[in-house]
Amino acid sequence: MLKIAASLLSADFSRLGEEVKNAEKEGVDFIHWDIMDGHFVPNITFGPAVIQSLRDKTKLPFNAHLMIEKPYNFIEKFAEVGSDIVSVHAEACDHLQHTVRDIKNLGVKVGVALNPATPLNVIEYVLDDIDLILIMTVNPGFGGQEFIPAVMPKVQEARQMVEARGLNIDIGVDGGINEKTAPLAVKAGANVLTIGFAIYGREPKLSIQKLKDSLR
Ligand code: DX5
Ligand code: ZN
């Protein structure tokens, strides 16, 4: 099933509570929190306290997309403040299997994100414990960047790999998704579209319902 995750990175940070509530009304399926540390990516956003303060504003599931170095040190904290999915970058984990297993043991879902240049096979041997493969369609760090179409074969391969093994894993794309690029990602096999700039950063803003209807 197609799901839309709203990334609040381009939202008005002074009104995050309202933005989260509006996202729910508009038919978004997840809230996607872009956590940046100024090391793994050249930008800094928010930490667990911000997620905690917004947890009771919506019933939508939260995905914490950790764009941070040494994410292992923070998985417990992000699970504790109410993340339903904790997503780590394969590139940032010294021991990905260990990190994935421990996220699972915390009782939350596991996402693994891959930068555009990272091959899919880095997750081959941890696939049984993953709930979401988050394929970056931009280099992480900023909202509103241009979609990288060269990543689409990786989405196709991910879809084939998941189906060949009969696994129930969501395949997400993140970065540069809008009315034009969403159909390409869905055609390649993505079923979770993470969208920030097109919802919060531009006028006219993207209509979630129209997008969903057009992709049905
Ligand atoms: C990029 C972030 C994305 C981003 C969403 O570092 O991980 O979640 O904000 O992309 P846009 O803003 O292009 O929709
Ligand atoms: Zn993200």
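Assorted remarks:
- A cut-off of 5 Å between modelled amide H atoms, ignoring neighbours fewer than 5 places along the same chain, links Leu60 with no other residue.
- Backbone geometry of the stretch 54-71 corresponds, through the Karplus equation with coefficients 6.51, -1.76 and 1.60 at θ = phi - 60°, to 3J(HN,Hα) couplings of 9, 4, 8, 8, 7, 8, 4, x, 9, 10, 8, 8, 7, 9, 9, 6, 6, x Hz, x marking Gly and Pro.
- Taking every protein chain into account, the accessible area of the chain amounts to 46 square angstrom per residue (probe 1.4 Å).
- Each Lys and Arg Cβ is given +1 and each Asp and Glu Cβ -1; about its Cα centre, the chain then shows a dipole of about 560 debye.
- From its DSSP helices (H runs of at least four residues, each -39,500 (n - 2.57)), the chain gives a residue-normalised ellipticity at 222 nm of -8000 deg cm²/dmol.
- Think of the stretch 137-188 as having a plus end and a minus end, set by charges on the Cβ of Lys, Arg, Asp and Glu; of Ala188, Phe142, Ile171, Ala188 sits farthest toward the positive end of this dipole.
- Portion, in percent, of the accessible area of the chain that falls on carbon or sulfur, probe 1.4 Å: 50 percent
The values are calculated or read from the model by the stated rules, or taken from the named source; none is laboratory data. Since this is a predicted model, take the numbers as computed values, not measurements. Heads up, the Cβs are rebuilt from the backbone with ideal geometry, glycines too, and the neighbour counts pull from every protein chain shown. Accessible surface areas use protein heavy atoms only, side chains included; no ligands, DNA or RNA. Shrake-Rupley method; radii C 1.70, N 1.55, O 1.52, S 1.80 Å.
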